[in-house]
Amino acid sequence: MKNFPSLWSAILVSISLQPNAVIHAQSPVTTPSIRDRGLVSMGNESRLAAVMAKARRGEEICVAAIGGSITAGGLQTKDPKNRYIARVADWFTQTFPKAKVRFVNAGIGGTNSLYGAMRVQRDVLSKKPDLVIVEYAVNDNHPVPMFWGSYEGVLRQILREPQQPAVVQMFFMQRKGENAQETQHMLGRHYDLPMVSFRDAWWPEIYSGRAKWEVMYADVVHPNDTGHILASELLISLFNEVNAKPGQSDSAGHVELPAPMITDLFANCRYAQGTDLKPAQNSGWTQTPDGTKWESPVATDEGIEFGFVGKLLFVGYDIDEEAERFATFSIDGGAAQPLKKSPNRLPLVEDLSPCQHRVRIEFAGSKVPQGSTAKVRIWAVGAAGTTE
């Protein structure tokens with residue numbers, strides 16, 4: 001976000017008149033005004049209330065988060081216990097000492113909500129979560145309208161689960177305050193979800209000079225330990241507010257999903273990775289020793305095929321720079337197309353008919369300069385727009 005609307009100017013003027021919002025640059029403190037800005041919406045609290053009631057009864061609950069490298073923590077947090085999702089899980093443990101709290105950190109660096117929609121069933125919903133925090137405001141911040149639909153797909157897949165898990169949207173930011181919050185906020189309103197924004201809470205402080213970016217961020221994207229702690233405080237403030245309300249229901253009840261705001265394409269996805277990824281046909285490609293990838297042969301021309309059902313195909317692959325000009329793919333026996341490094345986090349093919357298809361990936365290893373070990377490695381295949 002390069003130009004902030006006039007609303008931000010009004011907010012900044014308002015903050016400058018609030019003494020309790022002034023913080024020391026080297027010791028950020030979540031003041032009431034910062035906390036209130038960070039709580040974008042309480043949304044429909046019934047699912048969160050049900051999680052609190054379940055924990056209060058001493059039952060087992062599962063707290064999960066899915067997102068990119070911010071959620072994963074990467075190398076930016078010196079202590080994994082400071083990652084925001086770990087601190088949220090710790091809050092549940094301390095607040096409800098009789099409950100058994102499991103937590104799932106499904107963050108993977110460099111991934112967007114397209115990849116999230118493909119893997120949310122495998123990496124999150126298979127764990128039977130009671131609460132899922134969704135964090136893609138930074139990695140979806142690209143001029144790719146498809147991310148609007150894939151993000152909605154992540155939300156719909158979680159919300160339709162029989163156990164009715166609560167969903168909280170979390171919005172982080174890049175160095176100049178940029179993120180995908182505008183579209184994700186509209187989706188949150190559509191599904192009436194609780195929303196928390198680190199950007200709304202802390203960008204005015206940084207923009208005005210009352211707080212320094214370097215104190216809470218390790219680089220232009222990733223919060224450090226301090227940033228994660230501050231983010232967890234915003235989430236915990238939301239949970240405290242829900243937990244403090246009397247007369248909470250012991251059950252969320254069934255909540256009907258509204259019609260999709262953007263698309264239902266990503267509501268049904270199929271995904272295979274690692275040892276679950278089985279070729280429909282293979283000539284010469286081999287699995288890596290750990291069984292996580294299919295690797296092209298050296299010095300020979302060979303192909304590998306995978307079957308899938310759906311309107312959109314995602315292929316996760318690594319391709320050495322020297323190998324790129326010798327790699328191609330084709331769909332259902334059609335013309336060969338270059339397999340490029342750049343679309344690796346985007347669909348390989350869109351707008352297919354919703355039926356069975358095959359993707360063939362070929363590598364002309366015989367054309368690679370002698371002595372080169374350049375290869376293509378395939379680690380996942382997924383499809384959207386599948387049938388149940």
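We did not get these values from a lab; they are worked out from the coordinates using the rules stated. Quick caveat: nothing in here was measured; it's all calculated off a predicted structure. Neighbour counts are summed over all protein chains in view; Cβ atoms, including those assigned to glycine, are modelled from backbone coordinates with ideal geometry.
Key figures for this structure:
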{"quantity": "R160 versus D332: modelled label distance in nm, points set 7 Å from Cα along the beta carbon direction", "calculated": "2.4 nm"}
{"quantity": "5 angstrom amide H check on T286, placed H, neighbours 5+ away", "calculated": "E295"}
{"quantity": "Positive-end residue of L193, G333, S33, charge dipole of the chain with Cβ unit charges", "calculated": "S33"}
{"quantity": "Among 306-313, 323-330, the order from most to least packed when residues are scored by Cβ within 10 Å on average", "calculated": "306-313, 323-330"}
{"quantity": "Other-chain or far-sequence residues with amide H under 5 Å of G316's (modelled H)", "calculated": "W379, A380, V381, G382"}
{"quantity": "Chain lengthening between S208 and M42 when straightened (0.36 nm per residue, less Cα-Cα)", "calculated": "57.1 nm"}
{"quantity": "Cα gyration tensor shape for the chain, rounded if a/c is under 1.5, else prolate or oblate", "calculated": "prolate"}
{"quantity": "Order of Y84, Y317 - criterion: other Cβ atoms within 10 Å of each residue's Cβ, fewest first", "calculated": "Y317, Y84"}
{"quantity": "Cα gyration tensor, the range 268-384 - rounded (a/c under 1.5), prolate or oblate", "calculated": "prolate"}
{"quantity": "Test item: Cα-centred dipole of the range 268-384, Lys/Arg +1 and Asp/Glu -1 on Cβ, debye", "calculated": "200 debye"}
{"quantity": "Placed amide H near V349: partners under 5 Å, 5+ positions off or other chain", "calculated": "L313"}
{"quantity": "Protection proxy ranking of 193-206, 154-167 - average other beta-carbon atoms within 10 Å, highest first", "calculated": "193-206, 154-167"}
{"quantity": "Between helix 181-191 and the chain: long-axis angle, C-alpha atoms, 0 to 90°, nearest 10", "calculated": "80 degrees"}
{"quantity": "Computed label-point distance, nm, for sites K98 and A53 using a 7 Å Cα→Cβ extension", "calculated": "1.5 nm"}
{"quantity": "In order through the range 369-386: 3J(HN,Hα) via Karplus (6.51 cos²θ - 1.76 cosθ + 1.60), integer Hz, x for Gly, Pro", "calculated": "x, 4, x, 6, 10, 4, 9, 10, 10, 9, 10, 6, 9, x, 9, 10, x, 7"}
{"quantity": "C-alpha long axis of helix 225-243 to longest principal axis of the chain, angle in °", "calculated": "60 degrees"}
{"quantity": "Ordering of 128-138, 37-47, 108-118 by packing [mean C-beta count within 10 Å, highest first]", "calculated": "128-138, 108-118, 37-47"}
{"quantity": "Long pairs among K100/K245; K78/K278; K78/K245; K293/K341, criterion Cα-Cα beyond 27 Å", "calculated": "K78/K278; K78/K245"}
{"quantity": "R0 of 41 Å, Cβ-Cβ distance D290-S353: FRET efficiency to nearest 0.05", "calculated": "0.70"}
{"quantity": "Principal-axis tilt of helix 46-56 within the chain, Cα atoms, nearest 10 degrees", "calculated": "80 degrees"}
{"quantity": "Debye, to nearest 20: dipole size of the chain, +1 on Lys, Arg Cβ, -1 on Asp, Glu Cβ", "calculated": "640 debye"}
